[in-house]
Amino acid sequence: MRALVRETAISATDLVLPLFVHHQQADAAIVAMPGCSRQSIERTVATAREAFELGIPAVALFPALTAAEKSSTAIESTNPDGLLPRCIQALKRALPELVVITDVALDPYSTDGHDGLVESGQIANDPTLPILAAMAVTQARAGADVVAPSNMMDGRVRVIREALDAAGFTKVGILSYCVKYASAFYGPFRDALDSAPRFGDKQTYQMDPANVREALREAALDEAEGADALMIKPGLPYLDVIRAVREATTLPIAAYHVSGEFAMLKAAAEKGWLDYDRCLLESLLACKRAGADFIFTYGALDAAKLLKAHRDG
Ligand code: PBG
């Protein structure tokens, strides 16, 4: 009876697995994200294969660059032979049906650790747009199916759409991280990529956690500029925002169950204070109930295995 009247369901097909790729051969565990590591391209393909076989349709790639590859202009982000393009190529060769989503932001490539270019100690919005567009085209050329601008520069979706179309990538989609808060829950992720801002914080371009009307404005702008799907991030602390954007758009909505949310579950479980499996599935279900169509989560493999066990058992 409970199954008949259930309003929301979560399945592996709702999930996106974020993956961290690095140059080294050996996996490097990410301390505050137990079970996650930076992996070589080969190992990333193996993990993606496991995800795909569990029914997870997509992965989101994040490259961990060496200090030598970082610069104030983040120019490595447009290198067609860089770590990320090579990883995209390897994934699409091995798993052509897997959806590969790439992040469009300068921070992993930037010595400043900011998502935009820094001029005189300030984030320079408009000068950042051409490099974001070039980065997106580089990713598309390598085989990315969806580019996901997470940088929160104003006007980025339009210039990326125009650049992709001009380069012939009309079928590459844009998943805009349009409602991205200046959140302390990103801490473990920045440690994973060594990408924390070297000065200041991201409050001049990421959103104030106090605001929800502003989220609707950001969503409307990105939709008008040509976004194919909209992301709200973080997830669980912002369920009201997911619901508000859901009611304001017909576009698909993604939620990002971010690194800090994942770390909280893992840490409490390690202490024996929470049941990780149940709390993970409940968190993801809550994001869906609030209105998300799909969810980025570091727990995607765990969740897919649990859902499969429930089905088979
Ligand atoms: C980079 C980016 C961040 C995350 C995704 N893309 C970090 C940030 O904005 O500082 C965070 C993801 C997470 O915490 O899981 N622009």
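The values are calculated or read from the model by the stated rules, or taken from the named source; none is laboratory data. Every value quoted in this text rests on a predicted model; they were computed, and no experiment measured them. Quick reminder, even Gly has a Cβ in these numbers, built from the backbone with ideal geometry, and neighbours come from all protein chains shown. Surface areas here come from the heavy atoms of the whole protein model, side chains and all, with no ligands, DNA or RNA. Shrake-Rupley method; radii C 1.70, N 1.55, O 1.52, S 1.80 Å.
Could you report the range 1-119's accessible area per residue, 1.4 Å probe, as an integer in Å²? List each step's numbers first, then the result.
Details: 5220 Å² over 119 residues.
Accessible area per residue, the range 1-119: 44 Å².
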The simple spin-label model distance between His23 and Ala220, using points 7 Å out along Cα→Cβ, in nm, is 4.7
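With every protein chain left in place, what is the accessible area per residue of the range 142-201 in square angstrom, probe 1.4 Å?
That works out to 36 Å² for each residue.
Given R₀ = 35 Å, what would the calculated FRET efficiency be for Asp154 paired with Arg289, taking r from the Cβ atoms and rounding to 0.05?
Working: r = 31 Å, r/R0 = 0.89.
Efficiency, rounded to the nearest 0.05: 0.65.
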A correct Karplus calculation of ³J(HN,Hα) over the range 238-248, with 6.51 cos²θ - 1.76 cosθ + 1.60, θ = phi - 60°, whole Hz and x for Gly and Pro, returns 10, 4, 5, 6, 4, 5, 5, 5, 3, 7, 9
Going through Lys233/Lys305; Lys202/Lys308; Lys70/Lys271; Lys202/Lys305 one by one, the pairs whose alpha carbons sit over 32 Å apart turn out to be Lys202/Lys308; Lys70/Lys271; Lys202/Lys305
Sequence order, the range 211-220: Karplus ³J(HN,Hα) from phi using 6.51 cos²θ - 1.76 cosθ + 1.60, θ = phi - 60°, Hz rounded, Gly and Pro as x, gives 10, 10, 4, 4, 4, 5, 5, 4, 5, 5
Asp277 and Glu50 label points (each 7 Å along its Cα→Cβ direction) are spaced in nm at 1.7
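Counting only protein heavy atoms, what percent of the accessible surface of the range 12-312 is carbon or sulfur at a 1.4 Å probe? Write out the running numbers ahead of the final one.
Numbers: 6530 of 12300 Å².
C and S atoms contribute 53 percent here.
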Two pseudo-spin positions, 7 Å from Cα along C-beta at Glu7 and at Val31, lie apart in nanometres by 4.3
Per its Cα gyration tensor (rounded if a/c is under 1.5, else prolate when a/b beats b/c, else oblate), the range 261-313 is best filed as oblate
Per the helix-only model, the chain has a calculated mean residue ellipticity at 222 nm (DSSP H runs of ≥4, -39500 (n - 2.57) each, divided over all residues, rounded to the nearest 500) of -12500 deg cm²/dmol
Filtered hits (lysines, Cα-Cα < 23 Å from Lys92, offset >= 8 within chain) -> Lys171
Sequence order, the range 42-48: Karplus ³J(HN,Hα) from phi using 6.51 cos²θ - 1.76 cosθ + 1.60, θ = phi - 60°, Hz rounded, Gly and Pro as x, gives 4, 5, 4, 4, 5, 5, 5
